[in-house]
Amino acid sequence: MSVLPQPRPGVLAIEPYVPGKSSAPGVAKIYKLSSNETPLGPSPNAIAAYRAVADHLQDYPEGSAKDLREAIGRAFGLDPDRIVCGAGSDDLLNLLARAYLADGDEAIHTTHGFLVYPIATLGTGAKSVVAPEKNFTADVDAILKAVTAKTKVVFLANPNNPTGTYLPFDEVKRLQKGLPQHVLLVLDAAYAEYVRRNDYEAGIELVATSDNVVMTRTFSKIYGLAALRLGWMYGPAHVVDSVNRVRGPFNVNSAAMMAGIAAIADSKHQERAREHNTRWLAWLLDEIAKLGLKVTPSVANFVLIHFPDAKGRTAKDADAFLTKRGLILRYVSAYKLPNALRLTVGSEEANRLVVAALAEFMGEKASI
Ligand SMILES: *Cc1c(COP(=O)(O)O)cnc(C)c1O
């Protein structure tokens, strides 16, 4: 009998992450609305900075991402020494899990929370604990109730993906106050730039005023650099020190760093992306509701559409119907939302095509 090498406990309990679809067989023109990418693409300055790195591919990146941390520090008014950059915020979420979780520990996330949290948690041998949501929104009381002596980390996406809902700053503060001081609160603010609510705060203020809060951010969404894998976190000095110890010494590549520096400086491009989103998010929420479909109110760059339970009109049916027309949305059953689709706010053309196709889907079926 052969004895195979065995992964650590927990690894085989991980449900592998399945990214959003990006193709529709036999369809000429595809509109990818499945991964919350920006329809405007990155700043042209970021593309130029990326290309310039091609002349220096033999050189290792600067390992601490110093110039990028300084650029982020300038843009957000933060101390660069309290920033760590990563290969996407996924990298940082995994590094935080690796630094703070061990066999037998527990990390909490909410029912429809981002799937990277249980993946990062289980890989350390810790247990993933799910706190119920209310109206597709994180519930502070439920999170606090889920805390045990073994809890080490709470992961909260604010706004959350795939629901698009958010917790106001008061609620996030109440969560932090209610947690034991040794529990690390990770605020994942991947969509912060899109939020237009005056009761929202991404996490900067809470990190500045406490010792157990970390905020993660990404260049994959409004900055349009998902392909390069770039994210950053801002945290207390002691957390930054721990994450830097487990971080790969060259975890951010030079092209990502240079493109990121250029992207963050182009505030006009960001403003265009934000305005496009504000306009079309409201339009999509309205138009889709008019079709008789339930849509969860969103403050991000995507909407969660709930389908009827009726045969022929389910999310699965809608997904097949839309895919045939080159409209690729995200099927979110892995997020415990088996009868919903997530739609990323796209270009004007894509948004109009989706609403027209959904109208056809609902109307066609209704007239049978
Ligand atoms: C898209 C997304 C991210 C970003 O991940 P990257 O690894 O930076 O591309 C992080 N958190 C949530 C909730 C997201 O939806």
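Of the two radii for region 141-189, the radius of gyration is 0.96 times the Kirkwood radius, both from the alpha carbons; that is the Rg over Rh value. Return the inverse of the average 1/r over all pairs of distinct C-alpha atoms in region 105-168, which is the Kirkwood hydrodynamic radius, in Å to one decimal. In region 105-168 this quantity evaluates to 11.6 Å. Exposed loop positions in the chain were taken to be chymotrypsin sites (Phe, Trp or Tyr not before Pro) whose DSSP state is not H, G, I, E or B and which have at most 16 other beta-carbon atoms within 10 angstrom. Between these positions, the longest stretch is 18-249. Multiplying the residue separation of residue 272 and residue 102 by 0.36 nm and removing their Cα-Cα distance gives an extension gain of 56.9 nm.
Straight-distance candidates among the lysines for linking to residue 66, with alpha-carbon spacing under 27 Å and chain neighbours fewer than 8 residues away dropped: 221, 268. Simple spin-label estimate for residue 333 and residue 290 gives 3.2 nm between the two label positions (7 Å along the Cα-to-Cβ direction from each Cα). Here residue 152 is the anchor, and the aspartates and glutamates within straight C-alpha reach of less than 18 Å, apart from those fewer than 8 places off in the same chain, are 103, 105, 106, 141, 188, 211, 241. Shape summary of region 15-94, radius of gyration then Dmax from alpha carbon positions: 17.3, 51 Å.
Among the trypsin sites (Lys or Arg not before Pro) in region 297-354, which ones are in a DSSP loop with at most 13 other Cβ atoms within 10 Å of the Cβ? Mind listing them? Kindly include the intermediate steps, with their values, before the conclusion.
Numbers: sites: 311, 313, 316, 324, 325, 330, 336, 342, 352; in loops: 311, 313, 325, 336.
Counting only loop positions with at most 13 other Cβ atoms within 10 Å, the trypsin sites (Lys or Arg not before Pro) in region 297-354 are 311, 336.
Contact order for the chain, expressed relative to its length and based on alpha carbon pairs under 8 Å spaced 6+ residues apart, stands at 24 percent.
Over the residues of the chain, the helix contribution to mean residue ellipticity at 222 nm works out to -11500 deg cm²/dmol, using -39500 (n - 2.57) for each DSSP H run of at least 4. Take the alpha carbon atoms of region 218-264, find their center, do the same for region 1-52, and report the distance between the two centers in whole angstrom. Computed from Cα coordinates, the inter-centre distance equals 17 Å.
With N set to the number of residues, divide the alpha-carbon radius of gyration of region 87-205 by 2.2 N^0.38 Å and report two decimals. Mind dumping the intermediate values first?
Values: Rg = 13.3 Å, N = 119, 2.2 N^0.38 = 13.5 Å.
Scaled against compact globular proteins, the figure is 0.98.
A simple spin-label model places the labels of residue 23 and residue 60 3.8 nm from each other, with each point 7 Å out along Cα-to-Cβ. Taking the chain on its own, what percent of its Cα-Cα pair distances exceed 30 Å? Roughly 40 percent, once rounded to a whole number.
Work out, in µm²/s and without decimals, the Stokes-Einstein translational diffusion coefficient of region 171-240 at 20 °C, 1.002 mPa s, Rh from Kirkwood over C-alpha pairs.
Values: Rh = 13.0 Å.
The calculation lands on 165 µm²/s.
Under conditions of 25 °C and 0.890 mPa s, region 252-362 yields 160 µm² s⁻¹ as its translational diffusion coefficient, taking Rh as the Kirkwood radius over Cα pairs in the Stokes-Einstein equation. Between residue 317 and residue 13, the C-beta separation translates, for a Förster distance of 35 Å, into a calculated FRET efficiency of about 0.65.
Since every read-out is calculated from the coordinates, none of them should be taken as a lab result. Every value quoted in this text rests on a predicted model; they were computed, and no experiment measured them. As a convention, Cβ positions derive from the backbone with ideal geometry for all residues, glycine included, and neighbour counts pool all protein chains shown.
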